[in-house]
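Peer 1: Pasting in a structure now, in structure tokens, and then I'll have a few things to ask.
The values are calculated or read from the model by the stated rules, or taken from the named source; none is laboratory data. What you are looking at is a predicted structure, and each value in this text was computed from that prediction instead of being measured. Cβ placement follows ideal geometry from the backbone for every residue including glycine, while neighbour counts extend to all protein chains displayed. Note: accessible area is taken over every heavy atom of the protein model, side chains too, but ligands, DNA and RNA are not part of it. Shrake-Rupley method; radii C 1.70, N 1.55, O 1.52, S 1.80 Å.
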Amino acid sequence: MITQYTYGTPIETFAVVSDVPEGNQLPYFSQVSDSPLTFQTQLGTNDIVYGLGETMHGINKRGYRYISFNYDDPCHTDEMPSMYGSHNLIVVDGSTVFGAFFDTPSRVVFDVDSTGDGILSVCCEQPGLRLYLIEGTDAYDVVRQFLGIIGRSFLPPLWAFGYGQSRWGYKTEKEIGRVVYHHQKEEIPIDYLCMDIDYMDRYIDFTVNPKRFPDLARFTAEMREQGLHLVPIVDAGIKVEPGNRVYEEGVQNHYFCTNREGTNFQAAVWPGMTHFPDFFRASVRAWFGRQYKFYTDMGLDGFWNDMNEPAIFFTEYRKQNDKPDLARGDPEQPTRHIADFKDFFHCLEDGARVSNYQVHNLYGGLMTRASSEGLDQLLDKRYLLFSRSSYIGAHRYGGIWTGDNASTWKMLRQNVYHMPSLNMCGFLFSGADTGGFNGNTNRELLLRWLAVSAFTPLMRNHTSLGTRKQECYRFKTPADFRSLISLRYRLLPYLYSEYMKAALRQDMLIRPLAFDFPRTERVRLIEDQLLIGESLMIAPVLEKGAEGRTVFLPAPMTEVRWNGVDFLCEEAEAGERLISVPLNEVVFYIRKGTLLPVARCTPNNTAELDLTDVELLGTGTKYCQYRDDGYTKDCTLENCVNLKKESGTGSPMGE
Ligand code: GLC
């Protein structure tokens, strides 16, 4: 049961799409202040607090403070309270079970028992708020109800589930061609190559550097002949430069955000001074969305949106008037440029003028919405779209990646923690920069990371300018990397099917164990094993130098060892077991009574993948597989086909 409580005059977000009845008396919380609006609840000693999507720390958010305020900071340390997205859902699971979504577009501070007195407090800085209170039988039930009111997840094409290679610094068509060549030479499957800002003319959106990419349409077509897609980056800021068509159109039509005086706000990002499109207005979104025609006309059908918190390097005004970075180190104001966000303005649909600070967390999500609505018009097939910044609701328009992580074991573990938390908030299509963005990766870390991202919908190897080259073929024994990426492709009939079913049913794909198994204390505390879809449990190795790990099976399961060639299955009892996992292998588990359809051989890319030619692993007898051509917009559960397994064989028996 979901009830909404309204405080003040809330600014409309685009998070909730269903009608929810209004309640009178808010249960579970007491309101301890009107200004700022602050709520508190007393947690039981063993209560777990789930949710908060893209935040640091474990799946249980207890013990720390978090601030919803979308922010571009590449130092993902334990102290970092805000990341690129704001996902204001919390779910309390323990002596009481309930969820609460604080739907407000500005800054919210969640103190989840950081003082140790069991108090969860939520402080919403702006006076208007819609609070959705969800009551259910358990945490999973609460989350499913929540997913029911925020609308269906973005549906990417099949190729978006393939392996993607990226790097900030691929400068030319030739360089990307070489990366493709080496993947093909080492027989490492690959579906797409991301193009970072280097492809643009002086980092200006909707341009191509003609020296580096003399004919992007031809190059795109050549890639497609090899079954590959190119995925260009698009940044939020539009370069201020006479002659830049998009800039001129934006100025003429008053499509940009303004400063206090009413002229267009200027902030420095990659191309130098830029204006920010005012995505809060439908007319601006439609205009921005139409700009993607520049790319779709060249045959492109995948995009990543960046710098849309929005990221600001500096503003002329601040540079001249402020000491830089004063706010740094202050836990209450952990972000630079707070003053800038207060200094630039949006014009809402109803004509109201609000500072970015008041509606800050919606900006990136609305950019995704603009792109997606444009691409829906421009393309008659599904496309890949993922963004750095987000707010709940943006999951309907695109996926997200978790930004500028680092090549550390801690960040690998954070990737595991992020996945279920993001799923709770609707973001099924997500993933981290595999191998790590900042810093230099190494062979062992990249292999272990691939063994995790083989199970996340977005599987992209991406790294920063100036770091060591991170493509798999650069390391000793590329066959070891081939093994892990092959596993991804062999699992695609299952992973794609489970993704589509979860999205269409408005359910989670990646879940903590406690969402499905009896919530014993042991199960509730496990954060480094995850459920992926209905049949799979993963237990990745997350420690440097480890030759294996301890796994806890909450029930008997089939243990599957992928050795690069075969799936070796063995029945395993419930309880704890120690497994050895060489760097080129993956051990995972199939739940009793379920099946896992896997491809019979490894394709070079998804264009060669036959979703119907599958082998069924596991002890169940039936599996309902979602299948389509990988592109169609006509996605319904009617595309599911029942596969039956004849006992004792590994083959589907007919449909
Ligand atoms: C940002 C993005 C990163 C990208 C870089 C250059 O830091 O998060 O992924 O490579 O900008 O465009």
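Peer 1: Below 8 Å, C-alpha to C-alpha, sequence gap of six or more: please give me the relative contact order for the stretch 500-654 in percent.
Peer 2: Details: 272 pairs, mean separation 25.9, N = 155.
With pairs under 8 Å counted, the relative contact order is 17 percent.
Peer 1: Going by Cα centres, the stretch 67-95 and the stretch 152-205 are how many Å apart?
Peer 2: 29 Å
Peer 1: Cα-Cα over 31 Å: which of Lys61/Lys501; Lys174/Lys239; Lys174/Lys501; Lys171/Lys239?
Peer 2: In this structure, Lys174/Lys501 exceed 31 Å between Cα atoms.
Peer 1: To continue, here is another question. Please list the equivalent ellipsoid semi-axes of the chain, computed as the square roots of five times the alpha-carbon gyration tensor eigenvalues, in descending order and whole angstrom.
Peer 2: 37, 32, 22
Peer 1: Per residue, what volume in Å³ does the Cα convex hull of the stretch 173-262 take up?
Peer 2: Spelled out: Cα convex hull of the stretch 173-262, divided by residues, is 116 Å³.
Peer 1: Another question, then. Roughly speaking, to the nearest percent, how much of the chain's 1.4 Å accessible area is carbon and sulfur?
Peer 2: Values: 10990 of 22780 Å².
Accessible surface attributable to carbon and sulfur in the chain totals 48 percent.
Peer 1: Under 23 Å from the Cα of Lys476, which lysines turn up, not counting those fewer than eight places away in the same chain?
Peer 2: Those lysines meeting the cut-off are Lys185, Lys544.
Peer 1: Determine the distance separating the Cα centre of the stretch 263-317 from the Cα centre of the stretch 578-594; give it in Å without decimals.
Peer 2: When both Cα centres are located, 44 Å separates them.
Peer 1: Evaluate the relative contact order of the chain (contact order divided by residue number), counting alpha-carbon pairs under 8 angstrom at least 6 apart; express in whole percent.
Peer 2: Averaging sequence separation for qualifying contacts and normalising by length gives 13 percent for the chain.
Peer 1: Under a point spin-label approximation (7 Å from Cα along Cα-to-Cβ), what is the Asn642-Val17 distance to one decimal in nm?
Peer 2: 3.0 nm
Peer 1: Here's something else I'd like to know. From the Cα gyration tensor of the stretch 2-150, with a ≥ b ≥ c the square roots of its eigenvalues, which class applies: rounded if a/c is under 1.5, or else prolate if a/b is larger than b/c, or else oblate? Mind dumping the intermediate values first?
Peer 2: On the way: a/c = 1.36, a/b = 1.14, b/c = 1.19.
Because its axes are fairly even, with a/c under 1.5, the stretch 2-150 counts as rounded.
Peer 1: Given 25 °C and 0.890 mPa s, how large is the Stokes-Einstein diffusion coefficient of the stretch 62-220 in µm²/s, with Rh as the Kirkwood radius over Cα pairs?
Peer 2: The diffusion coefficient I find is 122 µm²/s.
Peer 1: Counting heavy atoms of the protein chains only and a 1.4 Å probe, report the per residue accessible area for the stretch 2-150 as a whole number of Å².
Peer 2: Accessible area per residue, the stretch 2-150: 34 Å².
Peer 1: Contour minus end-to-end for Glu571 and Asp516, with contour as 0.36 nm per residue of separation and end-to-end as the Cα-Cα distance?
Peer 2: 17.8 nm
Peer 1: Enter the accessible area of Glu187 (Å², nearest 10), with the probe set to 1.4 Å and all protein chains included.
Peer 2: Result for Glu187: roughly 120 Å² accessible.
Peer 1: For Cα pairs less than 8 Å apart in space and 6+ apart in sequence, what is the mean separation divided by the residue count of the stretch 2-150, i.e. the relative contact order in percent?
Peer 2: 31 percent
Peer 1: Right, another one. Order these peptides, 447-460, 38-51, 530-543, 422-435, by their mean beta-carbon neighbour count within 10 angstrom, highest first. Walk me through the numbers on the way to the answer.
Peer 2: Working: 447-460: 24.4, 38-51: 18.3, 530-543: 22.5, 422-435: 28.2.
Peptide ranking by packing, descending: 422-435, 447-460, 530-543, 38-51.
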